[in-house]
Amino acid sequence: MLRRAVLCFATDRKANVAIIFALTLVPIIFLLGMTLDYTLALRKREQLNAAADAAAIAAVRPAMLTQSDKTVVQATAAAVFAAKANLPGLSTVPTPTITVTDSGLARTITVSYTAQSINNFPGVLGKQTWDVAGSATARASSAPNMNFYLLMDDSPSMGIGATTTDISNLIKYTAPAYQTAGASQNCGFACHQTNIAHDGGTKDNLAIARQRNITLRIDLVTSAVNQLLNSWSNCPQSGISGGVMQCMAALNNTTYKAALYTFDLGLNTLATLTTPTGAGAQVSSISLMPVAYQNCVVVSTNCKTDNGTDIAGALKSLNDVMPTPGLGSNAANDTPQEVVFLVTDGVEDKIAASCPNATFASNSRCQQPLDTTMCTTIKNRGIKIAVLYTEYLQLIADPATGIQKTDSWYMSWIDKYDQPTSSTGKIAQNLQACASPGFYKSVQTGGDISTALTDLFIKVASSTASLVQ
C-alpha cells in the first residue's frame, strides 16, 4: 500500500504550473525592476539634456558674446542648468562641466554632466543609483562692432522720377507748353540748373518737380537713409529710438558708427564717422548736384556736358580716409570692422585719361559701367562693400509733343551695358562684382528703396546662434 502511494505521488503532474511560476517569479521581478529603473533614468537624462541645451544657448546669447570674462559666461550657463536640473529622483543636483572656447568672434560652449538616478529596486540591481550622462554644444558668432560709410550718388541722373508716373509727369510739365521757351530740357530728369537764364528760361527742372510734387529717386534715397539712421517703426525691441542702425545695435548688443557722404564729380562729406544719430542729423543735406546749365558743371565755352559721376574716384577718396579694419570684438586693442554702403545707378560719367570699360565720348568724357579696380583694392584691405543698385534708364521726350522717344546718346553709349535687361547687363554685373559676396541688392524704378536698403543693412549686421549637438 505504501509503495503504491509513493508511486502515485511521484507520477502526479497537477501542481506543475505553480512550481514553474514560483521558479520564474524571481527573474520576472528582476527584469521588471530593472526596466522601471532604467526607464526612469532615461527620462531624467532627457530632462538633463534639455537643461544642458538651455545652458549652452544662454551662454552664446548676444549679451554673453560681448562678455570677455569666461568665468562670468560659465556662471551664467551653470545657473541656467541648475534651475532646470533640480529634478526629483536624483541623488544630488549635478554640477556641469562648462567649457568656453573663443576663436575670433566665434564662441563655442560645451555643457556636460554626470548624474545618478535613484533606483526604486536597489536590491534587484545590487546598487542604489543608475548613472546617466550627457552634453550639449552651442556655437555662435557675436555681431561685430562696425563703422558704416554711407556713400550716396547725388549726380544729375539720380534726379529721375521715382516711379513711371513721376517720370511721365516730369516729362509732361517740363515741356515748352508749360514753361517759357528754353526753360527746361523736357525730360524725366529734374536737373538742378543754377544758371537757367543761360538758355533763356526762368525755372529749372528741379524747381518744376518740387512745384508739381513729383517724387525723385534721390528723394527715395534720402528717405531710405533717414529710415536707416533716424526713424524706423518696425524695430522688434520696444523702447528703442532712432532708425534701423540703432535698433540692430540694441538687438545685437554691439556698437555701430556711421559716416555720410554723397558723390558726383568727387566725394562730398556730410558727416564724418560719428554716432548713427549724429550722422542722421545730416540726412536733410542730401541733395542733387547743381550744374550751371544743360548739365555743364561750370559756365564755360568748353563745356564737358554731364561729366558728374566719378564712382571710382569717390571710392578712392573714401578708401584714403578709412582705417584698417579690426575684427570688431570687444577685446583690448581691437577695432571695428569697416563697411562701405554704396547706393548708385552704376554708370560713371567723368573726364578721364583712360576708359577701360568703354570707348571715349567727346571731350575725353568717359561713360562706362563702374570700373571695379578700386573695389578690389578696398576689399583686399579687409573692408566690406555693400551695394544697392538703382537701375539706369534712358529718358527724353520730343520737345513738340512731350512724348518719350528714343535717346540717341543713351542708345550709343549706355544701352549695350543694360542688355539683356538692366538687372543682368554689364552695369549690374560690375556693381555685383564690386560688392562683397552676398552684399548686393538691386531695385528697379518704382521699387521700395527704403526696404531694400534696410534689408541689406540687416543682412550685413545679422548674427545667429545654434546648437551643434
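The values are calculated or read from the model by the stated rules, or taken from the named source; none is laboratory data. In this text, all values refer to a predicted model and were calculated from it rather than measured experimentally. Every residue, glycine among them, receives a Cβ derived from its backbone with ideal geometry; neighbour counts consider all protein chains shown.
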Could you say whether any residue in the range 136-146 is closer than 30 Å to Ile311 by Cβ and not in a loop (DSSP other than H, G, I, E, B)?
yes
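Listed here are the residues, each with its yes/no results for (1) touching a residue at least 40 places away in the same chain (Cβ under 8 Å); (2) touching a Lys or Arg at 6+ places or on another chain (Cβ under 6 Å); (3) assigned to a helix (DSSP H, G or I); (4) in the same structural domain as Pro325 (by TED's automatic domain parsing).
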| residue | (1), (2), (3), (4) |
| --- | --- |
| Thr39 | no, no, yes, no |
| Lys44 | yes, no, yes, no |
| Leu48 | yes, no, yes, no |
| Ala56 | yes, no, yes, no |
| Ser68 | yes, no, no, no |
| Val72 | no, no, yes, no |
| Ala83 | no, no, yes, no |
| Asp102 | no, no, no, no |
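Let's see how each residue does on (1) over 17 Å from Ala63 (Cβ atoms); (2) within 18 Å of the chain's Cα centre (by Cα):
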position	(1), (2)
Arg217	yes, no
Leu228	yes, yes
Cys235	yes, yes
Ile240	no, no
Cys247	no, yes
Ala250	no, yes
Ala258	yes, yes
Tyr261	yes, no
Cβ pairs under 6 Å, 6+ apart or interchain, first in the range 425-439 and under 16 Å from Met374 (Cα atoms), second of a type in the set (D, E, K, R), ordered by first then second residue, are Ser436/Lys384
Of the residues in the range 132-172, those that are within 28 Å of the chain's Cα centre (by Cα) and closer than 30 Å to Ala59 by Cβ come to Thr137, Ala138, Arg139, Ala140, Ser141, Ser142, Ala143, Pro144, Asn145, Met146, Asn147, Phe148
Report, ordered by the first and then the second residue, all pairs with beta carbons closer than 6 Å, sequence separation of six or more or different chains, a first member in the range 361-372 that is under 19 Å from Gln429 (Cα atoms) and in the same structural domain as Asp349 (by TED's automatic domain parsing), and a second member that is modelled with pLDDT of 90 or more and surrounded by fewer than 17 Cβ atoms within 10 Å (Cβ to Cβ).
Thr372/Ala433
Condition first: closer than 28 Å to Ser223 by Cα and either at pLDDT 90 or above or assigned to a helix (DSSP H, G or I) (or both). Can you find one or more residues in the range 405-415 that meet it?
no
Checked Leu7, Leu65 against criteria (farther than 22 Å from Ser91 by Cα and at pLDDT below 60); the one match is Leu7
Take the residues of the range 100-109 that are surrounded by fewer than 15 Cβ atoms within 10 Å (Cβ to Cβ) and within 14 Å of Lys70 (Cα to Cα): which is farthest from the chain's Cα centre (by Cα)?
Thr101
